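S.K.: Pasting a structure below so you can have a look.
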Amino acid sequence: MGRSRPHRGNRRRGRSGGPRSRARTLTGTLVITRPGVGYVETSEGSFELARHGQREAMNGDEVEVALVEQRGRQPRAVVRSVVTRAVETFLGRFAPAGPLGAVRPLDARIGHDFFVVPEDPTPERLGVRDGDVVVARVTEYPTRQSAAVVTIERRVGSADELDLNVEAVIASYGLPGDFPAPVLEQAEEIRARVDEELARDPSRRDLREALCVTVDPVDARDFDDAVGARRLPDGGFELSVHIADVSHYALPDTPIDNEAKRRTCSAYLVDRVIPMLPERLSNDVCSLRPGQDRLAMSVVMRLDARGNVAAARMTRSAIRSAARLDYDTVDEVLLGRLDAPSEEVGELLRTLDEIRALRERVRRDRGAIDFETVEARVTLDGGGAPTGVSVRRRTRATGLIEEAMLLANECVAERLAQRDAPAAYRVHERPVPEDLRTTLPPLRDLGLVDDGETASGLLAGDPFAIQRVLERARGTDGEQLASALLLRAQRRAVYLPVNEGHYALGAPAYCHFTSPIRRYPDVLVHRALKALLDGRIDGREMRAQATTLPQLCRTCSERERAADAASRTSQRIKMAELLSDHVGERFSGVVSGCERFGLFVTLDETHAEGLVPVRALGSEWFAYDDARMTLTGEESGETWGLGRRVLVEVTGTNVPRGQIDLALVP
């Protein structure tokens, strides 16, 4: 969430001539980032909490705050009262406390301990023991004069039965728990009924004989996209993208839809998926399983011999996937090291790979930026203990699916934008010069930027200048670092109710259409596309969607950030747990970050990131250069900066915080 610059107010002096603070009152939402630290989001901007300014309020509460302004400081907020409480129930760990029971929230942002009064029978009735995780409901909120009181609604499990570190992540990021009973009941009644729907709706095309396949990670359980392709006699191509027709089953204002709207997206943690839709839909009725008839929304695109779109047709459809493939298998087929399931499927994959190469060139020529990213995921055994790290990079297989999905999203967005259809567009703004300027010194140190045209182009946000830097970095030790630096300088893509284009993709119109099983904005896009196809774009349903769209887009953007952060945090926790068994061992790595307090080092083998504290660099004083992101010893003159290769030793870990401590090996 962005923060506006806090306001400076008028100040008066008392008779002694010293400063006397003035306070004005605002109402806003309290956002706690870590215990005791946070800000209040108001209609006039965001204001950081003063020390001890949280008082009896909790994360998410609507609060009335006093803004205290003093000379030389930005205004700080102090909670005066709580207007509306946000937390009603929470996950916590139970412990006896004399005649009372105590429940400490797993979400550290709540910031209070809660008590169970002696006369409350729920701990005994539910069999709650010391250390158990429970769902607690607040019966009395904390005040300045009294402690908070809860009653126990449900025993979740013991510390031995649960991974408390991951449970704390779920609680801290506000991820949802089990689906409510009405949602599950509605889901169980749903059947695919493909033949019935084809008979009922003459506009739905029967594409079950058209060859298509799904290609996903090997551990995927839901398949919401299938692809098909063939060469045309004129040298061009036909590319078909089929997406699960979730909106056919999740009708507006039904229990399933309302719950999906509340969740907005699936969260992919290190050891589990917290889905947006019940499993009955996500892994069965809406999943494009091989050999099974499924309803879909299809985009059939005709490309010329250079990969440019000549025409695109969107339609309701019914399909039947011919095969469920994974990325590793497809890469082996494309390299000629493995036979495809059939000659037809092999030809389809080779055609998709040819389209991939053409589309990459088309996007590059129009200014799209492809950042080289590496996804390191900790692998777990059946008990949730880490066993190793799986590193995923972009390959031909991932690329051919990515290009197909990007193109389908663009074609749908362009069609919707032409009619100003009320949909959730995916918007990415041009980066601001101030953020790009911070990348110049470290990129110069890496030898990737000089003071000429490329540097001025970077500052102007010229995508072709960014492309040139990434191309120079390719194959060097600074490749991952350069990509990370420039990626951090980008604005975050968000959902908006109006189309404003996508900077990094070089796309004048873009939306998310291809993953309605796991993203609610895709469901909104499907509804808008159906209304457009039916001539109902100005109808009652779309008018209702347009009314709620601005708030829905904000919520979807916020929940997406929370789900992504929870995923990264859970991975860091398991990475720290993995390296706990390697304390004292040495690893090679590269300096990927530099702060006043030390160096962040990314290890080559696992891509784990750990901290070398500045005290471990030596006994001399180290000066920090904020512009170059370097630490320099004042006596030795030795400089530590980004991209430097180092040998480090793991000295310790803090698993609950996902921290890895390192020391340099001379």
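Residues checked against (1) open to solvent by 30 Å² or more (accessible area, probe 1.4 Å); (2) modelled with pLDDT of 95 or more; (3) not charged (D, E, K, R):
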site: Pro142; (1), (2), (3): no, no, yes
site: Ile152; (1), (2), (3): no, yes, yes
site: Ala171; (1), (2), (3): no, no, yes
site: Ser203; (1), (2), (3): yes, yes, yes
site: Glu209; (1), (2), (3): yes, yes, no
site: Phe237; (1), (2), (3): no, yes, yes
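S.K.: Considering only segment 181-195, how many residues are open to solvent by 50 Å² or more (accessible area, probe 1.4 Å), assigned to a loop (DSSP other than H, G, I, E, B) and not basic (Lys, Arg)?
M.R.: Of the residues in that region, 1 qualify.
S.K.: Hand me the list of helices (runs of 4 or more DSSP H) wholly inside segment 446-514 holding 1 or more residues that are of a type in the set (A, V, I, L, M) and more than 19 Å from Glu360 (Cα to Cα).
M.R.: The helices (runs of 4 or more DSSP H) meeting that bar are 453-459, 479-488.
S.K.: A follow-up question, please. Quick check on my filter: what residues within segment 630-657 are open to solvent by 40 Å² or more (accessible area, probe 1.4 Å) and under 32 Å from the mean Cα position of the chain (by Cα)?
M.R.: Selection gives Arg644, Arg645, Leu647, Glu649, Thr651, Thr653, Asn654, Pro656, Arg657.
S.K.: Here are some residues: Leu338, Leu358. Which one is aliphatic (A, V, I, L, M) and in contact (Cβ under 8 Å) with a residue 12 or more places away in the chain?
M.R.: Leu358
S.K.: For segment 317-345, which positions are open to solvent by 30 Å² or more (accessible area, probe 1.4 Å) and over 29 Å from the mean Cα position of the chain (by Cα)?
M.R.: Within segment 317-345, Arg320, Ala322, Glu332, Leu335, Gly336, Arg337, Leu338, Asp339, Pro341, Ser342, Glu343, Glu344 qualify.
S.K.: If you check Glu605, Glu609, which single one turns out to be in contact with a Phe, Trp or Tyr (Cβ under 8 Å, 6 or more places away or on another chain), of a type in the set (D, E, K, R) and at pLDDT 95 or above?
M.R.: Glu609
S.K.: Can you tell me which residues in segment 27-54 are under 22 Å from Ala148 (Cα atoms), modelled with pLDDT under 90 and open to solvent by 40 Å² or more (accessible area, probe 1.4 Å)?
M.R.: Those that are under 22 Å from Ala148 (Cα atoms), modelled with pLDDT under 90 and open to solvent by 40 Å² or more (accessible area, probe 1.4 Å): Thr33, Arg34, Pro35, Gly36, Val37, Arg51, His52.
S.K.: Right, something else. What strands (runs of 3 or more DSSP E) completely inside segment 579-624 contain at least 2 residues that are open to solvent by 60 Å² or more (accessible area, probe 1.4 Å), in contact (Cβ under 8 Å) with a residue 24 or more places away in the chain and out of contact with any Ser or Thr (no Cβ under 9 Å at 6 or more places or on another chain)?
M.R.: 586-595
S.K.: Follow-up. Filter segment 442-457 for residues that are open to solvent by less than 60 Å² (accessible area, probe 1.4 Å) and either in contact (Cβ under 8 Å) with a residue 12 or more places away in the chain or within 24 Å of the chain's Cα centre (by Cα) (or both) and give the result.
M.R.: Pro442, Leu443, Leu446, Leu448, Val449, Thr454, Ala455
S.K.: Which ones in segment 269-286 are crowded, with 20+ Cβ neighbours inside 10 Å and either of a type in the set (Gly, Ala, Ser) or in contact with a Lys or Arg (Cβ under 6 Å, 6 or more places away or on another chain) (or both)?
M.R.: Answer for segment 269-286, where residues must be crowded, with 20+ Cβ neighbours inside 10 Å and either of a type in the set (Gly, Ala, Ser) or in contact with a Lys or Arg (Cβ under 6 Å, 6 or more places away or on another chain) (or both): Val270, Met276, Ser282.
S.K.: Would you check if His248 is open to solvent by less than 10 Å² (accessible area, probe 1.4 Å), closer than 30 Å to Ala311 by Cβ and modelled with pLDDT of 95 or more?
M.R.: Here the answer is no, as His248 does not meet what is asked.
S.K.: A further question on this structure: Out of the residues in segment 154-169 that are small (Gly, Ala, Ser) and assigned to a loop (DSSP other than H, G, I, E, B), which is modelled with the lowest pLDDT?
M.R.: My answer is Ala159.
S.K.: On the given criteria, is Arg144 farther than 30 Å from Leu406 by Cα and among the basic types (Lys, Arg)?
M.R.: So Arg144 passes the test.
S.K.: Please enumerate the residues belonging to segment 497-515 that are buried (at least 19 other Cβ atoms within 10 Å of the Cβ) and touching a strand residue (DSSP E or B) at 6+ places or on another chain (Cβ under 6 Å).
M.R.: Asn499, His502, Tyr503, Ala504, Tyr510, Cys511, His512, Thr514
S.K.: Taking Cys265, is it closer than 21 Å to Asn409 by Cβ and open to solvent by less than 10 Å² (accessible area, probe 1.4 Å)?
M.R.: no
S.K.: Now a separate question. Would you confirm, using the coordinates I've provided, whether Leu349 is modelled with pLDDT of 95 or more and over 20 Å from Ala250 (Cβ atoms)?
M.R.: Here the answer is yes, as Leu349 does meet what is asked.
S.K.: Within segment 346-441, considering only strands (runs of 3 or more DSSP E) that don't extend past its boundaries, which have at least 1 residues that are open to solvent by less than 40 Å² (accessible area, probe 1.4 Å) and in contact with a Cys (Cβ under 9 Å, 6 or more places away or on another chain)?
M.R.: Counting at least 1 such residues, we get 425-427.
S.K.: Which of (1) of a type in the set (Gly, Ala, Ser); (2) within 30 Å of Asp534 (Cα to Cα); (3) not in a helix (DSSP H, G or I) is the odd one out, the single condition Ser282 does not satisfy?
M.R.: (3)
S.K.: Can you tell me which residue within segment 285-332, out of those that are assigned to a loop (DSSP other than H, G, I, E, B) and of a type in the set (D, E, K, R), is nearest to Ala531 (Cα to Cα)?
M.R.: Arg289
S.K.: Moving to a separate point now. Has segment 447-459 got any residue that is touching a strand residue (DSSP E or B) at 6+ places or on another chain (Cβ under 7 Å) and of a type in the set (D, E, K, R)?
M.R.: no
S.K.: Same structure again: Under 7 Å by Cβ, and 6 or more places apart or on different chains, what pairs join a residue from segment 463-484 that is under 12 Å from Thr373 (Cα atoms) with one that is open to solvent by 70 Å² or more (accessible area, probe 1.4 Å) and at pLDDT below 90?
M.R.: Once the first residue is under 12 Å from Thr373 (Cα atoms) and sits in segment 463-484, its partners that are open to solvent by 70 Å² or more (accessible area, probe 1.4 Å) and at pLDDT below 90 give Ser483/Thr373.
S.K.: Identify all residues within segment 215-226 that are part of a strand (DSSP E or B) and buried (at least 23 other Cβ atoms within 10 Å of the Cβ); write none if there are none.
M.R.: Val215, Asp225, Ala226
S.K.: Follow-up. Can you name every residue in segment 561-578 that is within 21 Å of the chain's Cα centre (by Cα) and open to solvent by 30 Å² or more (accessible area, probe 1.4 Å)?
M.R.: Listed by number, the residues that qualify are Arg561, Asp564, Arg568, Arg572.
S.K.: If you take the residues in segment 534-560 that are among the small types (Gly, Ala, Ser) and assigned to a helix (DSSP H, G or I), which one is least open to solvent (accessible area, probe 1.4 Å)?
M.R.: Among those residues, the one meeting the criterion is Ser557.
The values are calculated or read from the model by the stated rules, or taken from the named source; none is laboratory data. Just so it is clear, the structure is predicted and the values come from calculations on it, not from any experiment. Counting neighbours? That spans all protein chains shown, and the Cβs are built from the backbone with ideal geometry, glycine included. Surface areas here come from the heavy atoms of the whole protein model, side chains and all, with no ligands, DNA or RNA. Shrake-Rupley method; radii C 1.70, N 1.55, O 1.52, S 1.80 Å.
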